[in-house]
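Working notes for the structure below.
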């Protein structure tokens, strides 16, 4: 059982690479039991569940996969579907950059300020 008071809230942002502007995209919570992040994206309906988890590494780069929970018509879990890929390395200052949703914006999970 997880103590909710110890769960850290992390910010999500949309980074526009054309002018490096950042706009609020929502929040994320780290789940240490499964080693993944739960994403609450403002632009998405609240019933959609997104997860971000590491899936590999090479040198100083960590690769991530973003998954959407797909449910049956009755609302029960069916599977997780890959909807985006991300990475963290020296160029991202330790934050996680995710290619998801738009070619003009990058979803960023801010682990460092």
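FYI, it's all coordinate maths here, none of it is from the lab. None of these values were measured; they are calculated from a predicted model. For neighbour counting, all protein chains shown are included, and Cβ atoms are generated from backbone atoms with ideal geometry for every residue, glycine included.
Answer yes if at least one residue in segment 83-92 is out of contact with any helix residue (DSSP H, G or I) (no Cβ under 7 Å at 6 or more places or on another chain), surrounded by fewer than 18 Cβ atoms within 10 Å (Cβ to Cβ) and without any contact (Cβ under 8 Å) to a residue 12 or more places away in the chain, and no otherwise.
Yes, the conditions are met somewhere in segment 83-92.
Of all residues in segment 79-113, how many are within 15 Å of residue 17 (Cβ to Cβ) and in a strand (DSSP E or B)?
Residues in segment 79-113 being within 15 Å of residue 17 (Cβ to Cβ) and in a strand (DSSP E or B): 8 in total.
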